[in-house]
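Trainee: Okay, handing you the structure first.
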Amino acid sequence: MLGVLLRKKENISNSNLCVLNYFSYRLARLTEEDFRKAEDFINLMKVLYTSTLCVSSEKSPTCGQILPILKKLEAHLDVKEGDTVFVSNLKKQVWGNLSKRYQNDEIRNFLQVATALDPRFKHKLDDDTIWDQIQRKLIEQSTEEDCGADGDTMESENEDEDEHEDEESQQPPCKLPRKTPLEELFAEEDAQNIVSQQSSMSIKKRVERELQIYQEVPPVLMSEDPAAWWWNQQKTYPLLSNLAFSYLCVQASSTPSERVFSTAGDTICPERARILPEKADMIIFLNKNCL
């Protein structure tokens with residue numbers, strides 16, 4: 001075999017050898033322009049990679065951060081004067097793809113409300129009319145809850161006492177938060193104060209007051225969990241917190257839920273083929289929420 005290769009090499013002319021050597025030299029070495037393009041590509045795509053990690057993280061990847069991230073990417077991918085032809089073309093192609101996302105009016109409106117209800121991005125809105133929309137939603141929600149509560153009380157009064165006792169015996173007791181000694185001592189006074197405050201202020205006034213306080217409070221840091229923040233502020237914003245939970249429970253991407261399927265595949269394996277569905281649910285829940 002070696003002899004055949006040597007004979008073939010002898011048949012190649014000197015001019016052909018020069019051409020082969022030239023192209024082998026060009027293929028084996030990268031030019032300065034190639035290294036510069038690689039650096040520009042990495043610097044440009046680094047922000048896009050970080051944005052992908054933000055919406056795919058395990059902790060609080062809520063939909064309220066989608067529009068601020070898109071706005072950040074739009075400013076980063078804007079063509080500037082000092083950009084090279086390679087960088088400007090790459091920016092146009094990337095943003096041309098991203099700009100087509102979330103253009104549906106209903107989805108866009110949903111994301112704007114979610115952004116306003118995210119305490120980290122509430123001051124990054126382009127349209128201030130979203131606050132009027134939130135106010136209308138809160139008034140409608142509070143009115144429906146009041147009407148539903150009145151309807152429930154009327155139905156409960158018409159029920160027989162025996163049936164009511166049977167339902168209570170079947171339902172597990174609700175665990176109430178433990179009160180401090182001072183709260184327990186003045187429980188009646190607190191209940192009267194709550195009733196008087198709610199009766200003295202109309203629903204519209206309560207909504208306007210909560211929105212005003214929420215807008216005046218400075219935004220929280222990006223390290224804060226928005227859902228945990230609203231959970232701790234339920235007493236300050238009893239109406240606004242319910243609406244925030246209904247929006248911020250929506251994830252920014254499907255990545256966290258897909259990880260749950262992967263965890264389920266690792267849990268229900270051939271070695272655990274006879275595991276009960278209830279036990280599998282508990283194991284997966286503890287793995288995703290307690291570890």
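The values are calculated or read from the model by the stated rules, or taken from the named source; none is laboratory data. Just so it is clear, the structure is predicted and the values come from calculations on it, not from any experiment. Please note: Cβ atoms are built from the backbone with ideal geometry, for glycine as well, and neighbour counts cover all protein chains shown. For accessibility, only protein heavy atoms count, side chains too; no ligands or nucleic acids. Shrake-Rupley method; radii C 1.70, N 1.55, O 1.52, S 1.80 Å.
Trainee: If you go through the range 221-241 one residue at a time, how many are in a helix (DSSP H, G or I), open to solvent by 60 Å² or more (accessible area, probe 1.4 Å) and either touching an Asp or Glu at 6+ places or on another chain (Cβ under 7 Å) or more than 25 Å from R136 (Cβ to Cβ) (or both)?
Mentor: The qualifying residues number 1.
Trainee: Answer with yes or no whether A114 is within 13 Å of the chain's Cα centre (by Cα), of a type outside the set (S, T, Y) and either within 30 Å of Q135 (Cβ to Cβ) or open to solvent by 30 Å² or more (accessible area, probe 1.4 Å) (or both).
Mentor: On the way: within 13 Å of the chain's Cα centre (by Cα): yes; of a type outside the set (S, T, Y): yes; either within 30 Å of Q135 (Cβ to Cβ) or open to solvent by 30 Å² or more (accessible area, probe 1.4 Å) (or both): yes.
Criteria met by A114.
Trainee: Out of everything in the range 218-253 that is touching a residue at least 40 places away in the same chain (Cβ under 8 Å) and closer than 19 Å to D132 by Cβ, what residue ends up being nearest to the chain's Cα centre (by Cα)?
Mentor: Y247
Trainee: Of all residues in the range 268-283, which are open to solvent by 70 Å² or more (accessible area, probe 1.4 Å) and in contact with a helix residue (DSSP H, G or I) (Cβ under 7 Å, 6 or more places away or on another chain)?
Mentor: Quick first cut of the range 268-283, residues open to solvent by 70 Å² or more (accessible area, probe 1.4 Å) only: 268, 270-274, 276-279, 281-282.
Within the range 268-283, I268 is the sole residue that qualifies.
Trainee: Inside the range 77-88, can you point out the residues that are of a type in the set (A, V, I, L, M, F, W, C), open to solvent by less than 50 Å² (accessible area, probe 1.4 Å) and assigned to a loop (DSSP other than H, G, I, E, B)?
Mentor: Step one: of the range 77-88, the residues of a type in the set (A, V, I, L, M, F, W, C) are 77, 79, 85-87.
Now drop any that are not open to solvent by less than 50 Å² (accessible area, probe 1.4 Å), which leaves 77, 87.
Residue satisfying the conditions is L77 alone.
Trainee: Please work out if L117 is touching a Lys or Arg at 6+ places or on another chain (Cβ under 7 Å), at pLDDT 75 or above and under 30 Å from D225 (Cα atoms). I'd like the intermediate steps shown before the answer.
Mentor: Working: touching a Lys or Arg at 6+ places or on another chain (Cβ under 7 Å): no; at pLDDT 75 or above: yes; under 30 Å from D225 (Cα atoms): yes.
No, not satisfied.
Trainee: If you don't mind, another one. Taking interchain pairs and intrachain pairs at least six residues apart, which have beta carbon atoms under 6 angstrom, with the first residue in the range 96-122 and among the polar types (S, T, N, Q) and the second part of a loop (DSSP other than H, G, I, E, B)?
Mentor: Correct list of pairs: T115/F121.
Trainee: Could we say that E74 is open to solvent by 30 Å² or more (accessible area, probe 1.4 Å) and outside any helix (DSSP H, G or I) here? Break it down into steps so the answer makes sense when it comes.
Mentor: Numbers: open to solvent by 30 Å² or more (accessible area, probe 1.4 Å): yes; outside any helix (DSSP H, G or I): no.
Judged against the criteria, E74 is not a match.
Trainee: Within the range 245-263, track down each residue that is surrounded by 15 or more Cβ atoms within 10 Å (Cβ to Cβ) and part of a loop (DSSP other than H, G, I, E, B).
Mentor: A252, S253
Yes/no per residue for (1) out of contact with any Asp or Glu (no Cβ under 8 Å at 6 or more places or on another chain); (2) open to solvent by 50 Å² or more (accessible area, probe 1.4 Å); (3) under 22 Å from C54 (Cα atoms); (4) not in a loop (DSSP other than H, G, I, E, B):
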residue: E208; (1), (2), (3), (4): yes, yes, no, yes
residue: I213; (1), (2), (3), (4): yes, yes, no, yes
residue: P219; (1), (2), (3), (4): yes, yes, yes, no
residue: L243; (1), (2), (3), (4): yes, no, no, yes
residue: D266; (1), (2), (3), (4): yes, yes, no, yes
